Amino acid sequence: MTEEMARARRLVGEAGRIVVLTGAGISAESGVPTFRGAGGLWKSHRSEELATPEAFARDPQTVWEWYSWRRGLIADCAPNRGHLALARLALGDTPTTIVTQNVDGLHTRAAHEAAGSAEPSPALPVEVHGAIDRDKCSACGARTPGTTSVDTSSHDSLPRCAACDGMLRPDVVWFGEALEPEILSRAFQVAQDADLCLVVGTSALVQPAASVPLATLQEGGLLIVVDLERTPLSGEAEVSLLGPAGELLPELLDVEPPT
Ligand code: BJW
Ligand code: ZN
């Protein structure tokens, strides 16, 4: 075991309350593409043409095609050892909240898998950017389970709200849109209350989510960063562990399934 890993394990063992902030990197080993970097979604797709309300207003067919493709891709993925290690941590004795920027639902699936017949709720994530498997009406805001097999062949075939006939859209947060205020304040509150923040697989470029770990630091807590590369938060971290989350998290957290 490296000295860094040993130090990080000590910090986890000593923590009274933990917050975890995850990003796309934790799901990379499950086969979900990240956004930035080599192989990232933004390499082949321009974010402003797909992940903004203006893009949806201009060309909803193209936006729906992209999200339908991603829904299908994610449906074929499963939580990896990193998601499961975090879920077991959250189901254990140290109060832990998982805050995720991911919309893929893999933390939720890991929570159910790790809990077995026990209560999964302590391991259910705070999803600050929404969930790709839900739809939201762009007119009245009603939320519904995601339309399966969206017919993107024409503008008129796109899914519509049963209540008001407005256009449905994926229930995710696009650039320029506000995050749900209650969800965002919950994320900052748990970060403030934590004495350790574990940041996993995020480039920490997208605000306001990237500032969640700063709330822990501002209250005198510590940071551990787990990522393939150094990120803007690495300089603030007590320990920076470089490598794949699916390998590092089980070693760092060393948590057994609940009996
Ligand atoms: C591994 C690994 C492995 C790989 N193991 N590691 C302040 C300053 C500047 C700009 C702003 C600001 N405040 C707001 C803004 C604007 C904007 C923003 O932040 N822009 C910056 C990019 C410049 N923010 C917003 O617009 C937000 N809204 C807002 O602030 O509204 C204000 C408002 C208030 C009131 C009224 C109206 C408005 C909204 C942001 C929404 C972000 N949405 C997306 C899309 C979600 C839907 C979808 O999935 O399609 O969220 S963008 C995308 O980025 C997605 C992600 O959640 C998010 C973060 O990405 P993440 O997770 O960090 O992924 P990557 O790919 O960037 O990084 C992966 C990391 O993993 C890397 O570090 C790899 O090394 C690592 N890795 N494999 C470990 N195996
Ligand atoms: Zn509606």
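Per DSSP H run of at least 4 residues, take -39500 (n - 2.57); add these up for the chain, divide by its residues and hand me the 222 nm value, nearest 500 deg cm²/dmol. Intermediate results must be reported in sequence, preceding the final value.
Details: 11 runs with 96 residues, N = 259.
-10500 deg cm²/dmol, from helical runs alone.
Across the range 214-231, computed HN-Hα scalar couplings (Karplus, 6.51 cos²θ - 1.76 cosθ + 1.60, θ = phi - 60°) run 5, 5, 5, 4, 4, 8, x, x, 10, 10, 10, 10, 10, 7, 5, 10, 6, 10 Hz from first to last residue, x flagging Gly and Pro. Using θ = phi - 60° in the Karplus curve 6.51 cos²θ - 1.76 cosθ + 1.60, the 3J(HN,Hα) couplings for the range 68-83 round to 5, 4, 5, 4, x, 4, 5, 4, 8, 9, 10, x, 9, 4, x, 4 Hz; x is entered for Gly and Pro. Farthest towards the positive end of the charge dipole of the range 141-259, among the residues V199, A210, L168, is the Cα of L168, using unit charges on the Cβ of Lys, Arg, Asp and Glu. Residues F175, F35, ranked from the fewest to the most other C-beta atoms within 10 Å, line up as F175, F35. Across the range 200-242, Cα-Cα distances exceeding 17 Å account for 23% of all pairs.
Picking from R70, R46, R143, which is most flexible by a Gaussian network model of the chain using Cα springs under 10 Å? In the Gaussian network model the winner is R46. Global size of the chain: 18.6, 60 Å for Rg and Dmax (C-alpha atoms, Rg to one decimal, Dmax whole). The residues W69, W42, when put in order of fewest to most other Cβ atoms within 10 Å, stand as W69, W42. Each principal axis of the range 126-166 carries a Cα extent, and these read 35, 21, 13 Å when sorted largest first. Counting every other Cβ atom within 10 Å of each residue's Cβ, K43, K136 order from fewest to most as K43, K136. Other residues with beta-carbon under 9 Å from the beta-carbon of D195 carry, at +1 per Lys or Arg and -1 per Asp or Glu, a net charge of -2. Would you work out which of A110, P145, A75 lies farthest towards the positive end of the dipole of the range 1-156? Charges go on Cβ: Lys and Arg +1, Asp and Glu -1. The residue sitting most towards the positive pole is A110. Charge tally for G105 (other residues, Cβ to Cβ under 15 Å; Lys, Arg +1; Asp, Glu -1): -2. Computed across the range 7-91, the Kirkwood radius stands at 15.4 Å (inverse of mean 1/r, all Cα pairs). For the range 117-218, just say rounded, prolate or oblate: build the C-alpha gyration tensor, square-root its eigenvalues into a ≥ b ≥ c, call rounded for a/c under 1.5, and beyond that prolate if a/b exceeds b/c, oblate if not. Prolate, since a/c reaches 1.5 and a/b exceeds b/c. When each of the peptides 111-118, 87-94, 25-32, 59-66 is scored by the mean number of other C-beta atoms lying within 10 Å of its residues, the order from highest to lowest reads 25-32, 87-94, 59-66, 111-118.
Here the calculated FRET efficiency for E247 and A75, from their Cβ-Cβ distance with R0 = 22 Å, stands at 0.30, rounded to the nearest 0.05. The mean sequence separation of alpha-carbon pairs under 8 Å and at least six residues apart, normalised by the residue count of the chain, gives a relative contact order of 25 percent.
Summarising the amide proton neighbourhood of R160: residues at separation of 5 or more, or on other chains, whose placed amide H is nearer than 5 Å comprise L168.
Computed about the Cα centre, the dipole magnitude for the chain is approximately 240 debye when only Lys and Arg (+1) and Asp and Glu (-1) carry charge, each at its Cβ. Considering only V239, V200, V103, the Gaussian network model of the chain with Cα springs below 10 Å gives its largest mean-square fluctuation to V239. Counted by Cβ distance under 13 Å from G176, the other residues give a net charge of -3, where Lys and Arg count +1 and Asp and Glu count -1. Based on the alpha-carbon gyration tensor of the range 174-259 and its eigenvalue square roots a ≥ b ≥ c, which shape applies: rounded if a/c is under 1.5, prolate if not and a/b is larger than b/c, or oblate? Here the range 174-259 falls in the prolate category.
Bear in mind these aren't lab numbers, they're just calculated from the coordinates by the rules spelled out. Everything numeric here is computed off the predicted structure, so don't read it as measured data. Counting neighbours? That spans all protein chains shown, and the Cβs are built from the backbone with ideal geometry, glycine included.
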